[in-house]
Amino acid sequence: MTKASDLFVAALEAEGVEIVFGIPGEENLDLLESLRTSRIRLVLTRHEQAAGFMAATYGRITGKAGVCLSTLGPGATNLVTAAAYAQLGAMPMLMITGQKPIKTSRQGHFQIVDVVDTMRPLTKYTRQIVSADAIPARVREAFRRAEEERPGATHLELPQDIAGDETAAKLIPASYSRRPVADLKAIERAVDAIRQSRHPLLMIGAAANRKTTAHQLRALVDALGIPFFTTQMGKGVIDELHPLWLGNAALSDHDFVHRAIDAADCIVNVGHDVIEKPPFFMREGRRTVIHVNYAGAEVDAVYFPQIEVVGDIAHTIWQFTERLGPQPHWDFAFFDRVRAELLSHLADRTGDDRFPLVAQRLVADVRAAMGERDVVCLDNGLYKLWFARGYRCREPNTLLLDNALATMGAGLPSAIAARLVCPDRKVLAVCGDGGFMMNSQELETAVRLGLDLTVLVLRDDAYGMIKWKQAHERYPSFGMDLGNPDFVEYSRSYGARGHRPGSADEFAPLLRHALDTPGVDVIEVPIDYDDDDRLLNDEIPRLSAALD
């Protein structure tokens, strides 16, 4: 016979779990003791939400479900935002929560929340374990659901009395499985549409961000010479220094890339998901749109493809490459002009010496300081648009941003997870002052773990993106300004090093020094968004519209 909590942890080990992030409570003590004697590392965090963000980021980078732990009641409800973050962002994650004894209890309804039903709309799978004998099946199914396409969040509730039971149940090994390939007729229909088009264009979305898919996409672009652009979460699938790169759809319309989209008569959408903010607005009858993904298209008011090729993406792209060759009637001359104008505009203001820093200078200095494989983790704010447009990724998952739930507070926890997963790379968190303060307590976690980590806190003393939207809608400024601590002293109080550049020219050397020095460094960077409304809503649309 085996103690149920020992069996549960053995099941986690069988799934390859290396780290569990979280905060245990008294209802988890049996499980905690089983973890103590296992090979799994417990990363104790300062908030359950941060633990969930860490687990989701672990899943995003590795493709294996990240695992987080909380107690019942408030601990479990603190995971709700992280559940939505993983579910919308297609990040495999398993949440484990405790619960009061379910066979007998003398505490009434103290701290009792129906966590299983709470998690139901936010997960792919949620169950309470009511028998120790059910543990192997429940754990195996939770991991299978979390990791299969489309990946997402799963949840298991392990009550206190069940965790302490004895069982003779045995583990269930993972079955051999391969994703189904697309129907041959659908592939041939798509190939024929691409072949007959004059101005084909490739769009790369979040679901293309897999190793084998990236390899096949690079082969297709090199073999056929078709230009490509990406969604925010598709960045880096193909090296963005590639001569056929046309930019990123950080905006939904009126950017340079949208002129190429308007000129395209066939767009191949690889891995697009309508959960991500629309990269462009479809207009009926303008072009053929081909949907290539693991699942069929979810039809939306702005997304209704004419051809769907459903199956393993890498296999589909390989089939396209095998069946297609460059066509003599393909014409990419206008796309070349778009690229030239885009690159010229991306270089603008990158040397601007105004202080507080403008976003374009910030992005350029960060790009110059980071290596090809180093990882930047963004929180959410106005700066995310500038990083999406101007930070040219060389490899997949080197700019981790969230364009699905787009929650604030995830930047620092994500960077902690990225550093644990990628110990041989530099990792940088970029946070607005609003988002940073939502989980800034995790600085203590980073210091306690002895991580090498650098955090940029972009200070504008406001909720900058909403303030920008408010100004664009011609509303008076109201309800957006806030106060902040002295971030240098605040960081030092946790045992991190705090820095504050005094000019634009001081920022890049300070950043490089922090990245090269072991330990946790926080750099408070004053940032100026005052010109962003004009740039994003006037200058970029005006310059892109002038292309002919």
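Of the residues making up region 381-409, just one is closer than 25 Å to LEU217 by Cβ, touching a strand residue (DSSP E or B) at 6+ places or on another chain (Cβ under 7 Å) and small (Gly, Ala, Ser), namely ALA388.
Inspect region 105-126 for any residue being over 30 Å from LEU324 (Cα atoms), buried (at least 19 other Cβ atoms within 10 Å of the Cβ), among the polar types (S, T, N, Q) and free of Cβ contacts under 8 Å to residues at least 40 places away in the same chain and give the result as yes or no. Checked region 105-126: at least one residue is over 30 Å from LEU324 (Cα atoms), buried (at least 19 other Cβ atoms within 10 Å of the Cβ), among the polar types (S, T, N, Q) and free of Cβ contacts under 8 Å to residues at least 40 places away in the same chain. Look at (1) modelled with pLDDT under 95; (2) out of contact with any Phe, Trp or Tyr (no Cβ under 9 Å at 6 or more places or on another chain); (3) surrounded by fewer than 23 Cβ atoms within 10 Å (Cβ to Cβ) and you find that ARG150 fails only one, number (2).
Within the set LEU428, LEU412, LEU443, LEU405, the sole residue that is assigned by TED's automatic domain parsing to the domain that holds GLU372, surrounded by 16 or more Cβ atoms within 10 Å (Cβ to Cβ), in a strand (DSSP E or B) and of a type in the set (A, V, I, L, M, F, W, C) turns out to be LEU428.
Among ALA462, ALA508, ALA496, ALA504, which is over 22 Å from ALA359 (Cβ atoms), buried (at least 17 other Cβ atoms within 10 Å of the Cβ) and either modelled with pLDDT of 95 or more or touching a Gly at 6+ places or on another chain (Cβ under 9 Å) (or both)? Of ALA462, ALA508, ALA496, ALA504, the one residue that is over 22 Å from ALA359 (Cβ atoms), buried (at least 17 other Cβ atoms within 10 Å of the Cβ) and either modelled with pLDDT of 95 or more or touching a Gly at 6+ places or on another chain (Cβ under 9 Å) (or both) is ALA496. Residues of region 16-48 that are at pLDDT 95 or above, of a type in the set (Asp, Glu) and more than 29 Å from the chain's Cα centre (by Cα): ASP30, GLU33. Scanning region 375-399 for residues that are touching a residue at least 60 places away in the same chain (Cβ under 8 Å), in contact with a Gly (Cβ under 9 Å, 6 or more places away or on another chain) and hydrophobic (A, V, I, L, M, F, W, C) yields CYS377, LEU382, CYS393, LEU399. For LEU12, are the conditions met, namely being under 17 Å from ALA132 (Cα atoms) and buried (at least 22 other Cβ atoms within 10 Å of the Cβ)? Yes: the conditions hold for LEU12. Of all residues in region 231-249, exactly one satisfies the criterion of being of a type in the set (Gly, Ala, Ser) and surrounded by fewer than 24 Cβ atoms within 10 Å (Cβ to Cβ), namely GLY236.
The values are calculated or read from the model by the stated rules, or taken from the named source; none is laboratory data. All values reported here derive from a predicted model rather than from experimental measurement. Note that each Cβ is placed from the backbone with ideal geometry, even for glycine, and that neighbours are counted across all protein chains shown.
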